[in-house]
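The values are calculated or read from the model by the stated rules, or taken from the named source; none is laboratory data. Just so you know, these numbers come straight off a predicted model, no measurement behind them. Neighbour counts run over all protein chains shown; Cβ positions are idealised from the backbone, glycine included. Just so you know, the surface numbers come from the protein's heavy atoms only, side chains and all, with ligands and any DNA or RNA stripped out. Shrake-Rupley method; radii C 1.70, N 1.55, O 1.52, S 1.80 Å.
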Amino acid sequence: ALTSNPAKILRINKGNLTIGNDADFCILDLNKPWIVKKENLISKSKNTSIEDKKLQGKVTNTFVKGKELFKI
């Protein structure tokens, strides 16, 4: 619902891991807690309503078109 259907509507090769599609995905550690700090956000915008909040689950790796772009 969040990946496959929008990709079909937009007619782009994304949304699932199928031969011929772009391999865009993240790997998560669901057991890793972390605290939101605006200086650590990778975004053009640094404002957040959840700064200093403890969250559960953290992205450890991000792949775009099969290439690893982020790793902690």
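The set of residues in segment 50-72 that are in contact (Cβ under 8 Å) with a residue 40 or more places away in the chain, part of a strand (DSSP E or B) and not β-branched (Val, Ile, Thr) contains only 63. Residues in segment 18-32 that are exposed (fewer than 12 other Cβ atoms within 10 Å of the Cβ) and at pLDDT below 90: 18, 19, 20.
Consider segment 20-44 and keep the residues that are farther than 13 Å from residue 63 by Cα and among the small types (Gly, Ala, Ser). The one that is nearest to the chain's Cα centre (by Cα) is 43.
Given the criteria without any contact (Cβ under 8 Å) to a residue 12 or more places away in the chain and outside any helix (DSSP H, G or I), does residue 28 qualify? Here the answer is no, as residue 28 does not meet what is asked. Within the set of pairs 6 or more residues apart or between chains, which connect a residue that is open to solvent by less than 90 Å² (accessible area, probe 1.4 Å) inside segment 33-49 to a residue that is part of a loop (DSSP other than H, G, I, E, B) and among the hydroxyl-bearing types (Ser, Thr, Tyr) with Cβ atoms less than 9 Å apart? As it stands, the answer is 36/48; 41/48, since those pairs meet every condition given. In segment 11-22, the residues that are aromatic (Phe, Trp, Tyr) never reach a residue that is in a loop (DSSP other than H, G, I, E, B) with C-beta atoms less than 9 angstrom apart, at least six apart or across chains.
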